[in-house]
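See structure below.
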Amino acid sequence: MTILVIAEHDNASLKPETHKVVAAATAIGGDIEILVAGHNCQDVAVNAATLSGVSKVLVADNQSYADQLAENIGLLVADLGKSYSHILTAASTTGKNFLPRAAALLDVNQISDVIRVESSDTFVRPFYAGNAIATVKSQDTIKVLTIRTSAFDGVTQEGSAAVVAIDNAHDAGVSSFVSGEMTESERPELGSARVIVSGGRGMQNGENFAMLEELADKLGAGVGASRAAVDAGFVPNDMQVGQTGKIVAPELYIAVGISGAIQHLAGMKDSKVIVAINKDPEAPIFQVADYGLEADLFDVIPALNEQL
Amino acid sequence: MKILVPIKRVVDYNVKVRVKSDNTDVDLSNLKMSINPFCEIAVEEAVRLKEAGVASEVVVVSVGDKACQEQIRTALALGADRGIQVDTDQKPLPLSIAKLLHKVVEQEDPSIVLLGKQTIDGDNNQTGQMLAALAGMGQGTFASELKIDGDKALVTREVDGGLVTVALSLPAVVTTDLRLNEPRYASLPNIMKAKRKPITVTTPEELGVTIESTVEVLKVESPASRSAGVMVDSVEQLIEKLKTEAKVI
Ligand SMILES: Cc1cc2nc3c(=O)[nH]c(=O)nc-3n(C[C@H](O)[C@H](O)[C@H](O)COP(=O)(O)OP(=O)(O)OC[C@H]3O[C@@H](n4cnc5c(N)ncnc54)[C@H](O)[C@@H]3O)c2cc1C
Ligand SMILES: Nc1ncnc2c1ncn2[C@@H]1O[C@H](COP(=O)(O)O)[C@@H](O)[C@H]1O
């Protein structure tokens, strides 16, 4: 049994999501190999080789993989994947984009958002916005899984795997990268932040998020948002937490002016400690909060900023 | 230019489902069913492309039992021209859905297939990508903007780090994200008009696809519930609790 983990990276550095996917692979058991597909991505491969439990790192360094285009990576993963028992990657927007393509080309089903490994063929995943948890058994010859990284602790970096370059260029020729508009932020990414402060429609506008950013900086926190705050244009899309946004599980999640719709709860209710600040005592967010404060956020947040 | 929009009948997004007491599945009896919200966004986008003169025909297709004709009618009332029901009582997995849709794509030959990025029941986020792979097409997933430029589609995608724009040769697959558009409400005259629009029915057998289920559901459980928390009276008390009780700051 050999497991292929596809690394998440930006050609320069390995994302911490991959450490967690390797943890899921470790729970399955067997040899673990990592594929780094990209361009000028040698540093990523060297870093991936240090992940504990990994025996080999394959590097497919080619211009056609530079932008992680799903059409090209999908062909590569389907080609290599034939000789593995399991293929795993993070349930990130990158993983969700290419892995179903590879699965279809391999003529197997994919199991999305795995939160627990029961055995080499049995996995646990949420559906219906996390309101139900299914234990599923795969009869496919190759198990293709995306891993919900918030449910796993990353492996340590005590390994020293061999790094092997592979000459395997695929270009489907049907898509090309035009441009990217990446959000620049000094704050921790939502996926790895220990504390997250999120704002909702109650924030009223984008300028008011400055208050939350100040609070976040005092706590070393990342900043998130509800769909309503993103739709209203207060903050960019990559801050959306929820069923169809980012799934997070920090030590502390502070929800400010967020009502607590099912879809929002789906993205944060596995946080260790939840604080809700809302002026409506009936807001459903209070039902999942460890600490609730029924008050006007425009009084509470400045007071927190002053007292912390 | 023709646009094909695959849509799914799902439990309404406002409904909180419960797990059956025998742990075999969720209980959907007597719950409100709707068109999957992301599919509704896909229908809206297709209709807008038609209204803008870019598309000439919008065809919706749904795989499901007879009940899904209700959602096909909803899409027709929103402005789609005709519907196709792929009739089955089974609940196929995304790979089988993609194979069925692939056959429909071969018959209909659309320039764009517009799907939702995700169904809110299965939460799979797979079908569009699988269909694109089977059809050998490019894909623009999680789209927040779609522009047709000659023989190319320019798709702006919502990704974890921000936004990425890709150019796809047509025909192509596009899957919708929440901010692509805000779907309209069907007007009464359009609901009446939709009743006369055609829906054709086909079957997996006619399409030559065997529905295979290689993933067996062993059990379905409710998520662990959180124990009730406490209300605090002041900012001071909140800080105190977080420091000494929860020890998270
Ligand atoms: C298909 C689909 C997918 C979705 N995916 C997501 C998702 O991934 N993530 C997500 O978040 N949502 C998602 N939603 C949307 C979700 O249903 C809710 O509409 C959304 O979460 C509401 O955001 P909100 O809580 O900020 O706004 P509201 O529900 O409007 O709540 C605002 C809250 O702020 C409080 N408030 C207002 N002013 C103040 C004040 N001065 N002080 C204190 N409190 C105040 C109010 O009491 C209220 O509770 C999705 C919906 C659909 C249909
Ligand atoms: N039974 C179905 N019939 C038609 N289209 C479907 C069906 N199931 C899924 N789809 C399409 O695939 C998209 C993604 O679904 P999923 O991969 O299940 O999350 C949906 O938004 C639909 O556009």
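Read the figures in this text as sums done on the coordinates, not as results from a lab. Nothing here was measured: the structure is a model prediction, and the numbers come from that model. Cβ coordinates were reconstructed from backbone atoms using ideal geometry, including for glycine residues, and neighbour counts include every protein chain displayed.
Once the other residues with Cβ under 14 Å from the Cβ of residue B:9 are scored (Lys, Arg +1; Asp, Glu -1), what is the net sum? Kindly include the intermediate steps, with their values, before the conclusion.
Working: positive: B:8, B:32, B:66, B:73, B:91; negative: B:12, B:40, B:65, B:70, B:87, B:89, B:121.
Combined, the nearby Lys, Arg, Asp and Glu give -2.
Using Cβ contacts closer than 10 Å as the measure, can you line up B:200, A:50, B:244, B:156 from fewest to most?
Numbers: B:200 11, A:50 17, B:244 8, B:156 22.
Fewest-to-most ranking of B:200, A:50, B:244, B:156: B:244, B:200, A:50, B:156.
Long-range amide H contacts for residue A:295: which residues qualify at under 5 Å (H placed 1.01 Å from N, peptide plane, sequence gap of 5 or more or a different chain)?
Placed amide hydrogens put A:278, A:279 under 5 Å from residue A:295.
Quick one: check the C-alpha center-to-center distance for the stretch A:12-69 versus the stretch A:144-215, whole angstrom.
15 Å
Roughly how many nanometres apart are two label points built 7 Å out from the Cα toward the Cβ at residue B:222 and residue A:141?
For the pair residue B:222/residue A:141, the computed spacing is 4.3 nm.
For residue B:247 paired with residue A:299, estimate the spin-label separation in nm (one decimal), with each label point 7 Å from Cα along the Cα-to-Cβ line.
3.3 nm
Below 8 Å between Cα atoms, with a sequence gap of 6+, how large is the relative contact order for chain A in percent?
Numbers: 710 pairs, mean separation 45.2, N = 308.
Relative contact order for chain A comes out at 15 percent.
Need one number: % antiparallel among DSSP beta bridges in chain A, to the nearest 5. Don't skip to the end; give the middle numbers.
Details: 9 of 55 bridges.
Beta bridges within chain A, antiparallel portion: roughly 15 percent.
Work through the residues other than residue A:138 whose Cβ is under 10 Å from its Cβ and net out their charges, Lys, Arg +1 and Asp, Glu -1.
Numbers: positive: A:137, A:143; negative: A:121, A:140, B:216.
It works out to a net charge of -1.
Counting Lys and Arg as +1 and Asp and Glu as -1, each charge on the Cβ, what is the dipole of the stretch B:94-249 about the Cα centre in debye, to the nearest 20? Kindly include the intermediate steps, with their values, before the conclusion.
Numbers: 17 positive and 21 negative charges, 91 e Å.
It works out to roughly 440 debye.
For the protein assembly as shown, give the magnitude of the charge dipole about the Cα centre (Cβ charges: +1 Lys/Arg, -1 Asp/Glu; no others), in debye to the nearest 20. Let's see the in-between values first.
Details: 50 positive and 73 negative charges, 277 e Å.
Dipole of the protein assembly as shown, to the nearest 20 debye: 1320 debye.
How would A:181, B:57 line up from fewest to most surrounding beta-carbon atoms within 10 angstrom? All intermediate terms of the calculation are to be shown ahead of the outcome.
Working: A:181 12, B:57 15.
Going from least to most buried by this count: A:181, B:57.
Search the structure for amide H atoms under 5 Å from the amide H of residue A:182, placed 1.01 Å from N in the peptide plane, and list their residues when 5 or more places away or on another chain.
Here the answer is B:163, since their amide H atoms fall under 5 Å of that of residue A:182.
Using alpha carbons only, how many angstrom separate the centre of the stretch B:116-190 from the centre of the stretch B:47-77?
Between the Cα centre of the stretch B:116-190 and that of the stretch B:47-77, the gap is 15 Å.
Within the set B:8/B:197; B:8/B:219; B:16/B:99, which residue pairs have Cα atoms separated by over 27 Å? Can you show the working numbers first?
On the way: B:8/B:197 19 Å; B:8/B:219 24 Å; B:16/B:99 31 Å.
In this structure, B:16/B:99 lie more than 27 Å apart at Cα.
Is chain B rounded, prolate or oblate when judged by the Cα gyration tensor, a ≥ b ≥ c being the square roots of its eigenvalues, rounded requiring a/c under 1.5 and prolate requiring a/b larger than b/c? Please report the intermediate quantities before stating the final value.
Values: a/c = 1.87, a/b = 1.50, b/c = 1.25.
Cα axes put chain B in the prolate bin.
Please give the net charge around residue A:274, taking every other residue with its beta carbon less than 9 angstrom from that of residue A:274, where Lys and Arg add +1 and Asp and Glu add -1. Can you show the working numbers first?
Working: positive: A:269, A:272, B:226; negative: A:290.
Summing Lys and Arg as +1 and Asp and Glu as -1 gives +2.
Mind checking the mean number of beta-carbon atoms from other chains within 10 Å of the Cβ atoms in A:284-291? Display every interim value, and only then the final one.
Details: counts 1, 0, 3, 4, 4, 5, 10, 10.
That works out to 5 on average.
So, by mean Cβ neighbours within 10 angstrom, what's the order for A:279-286, B:5-12, A:145-152, B:217-224 with the highest one leading? Intermediate results must be reported in sequence, preceding the final value.
Details: A:279-286: 16.8, B:5-12: 23.0, A:145-152: 25.2, B:217-224: 13.9.
Result, highest mean first: A:145-152, B:5-12, A:279-286, B:217-224.
Given H placed 1.01 Å from N in the peptide plane, which residues other than close sequence neighbours of residue A:9 have an amide H under 5 Å from its amide H?
A:15
Hey, fewest Cβ within 10 Å first, where do A:79, A:113 land in order?
Working: A:79 15, A:113 23.
Listing A:79, A:113 from fewest to most nearby Cβ atoms yields A:79, A:113.
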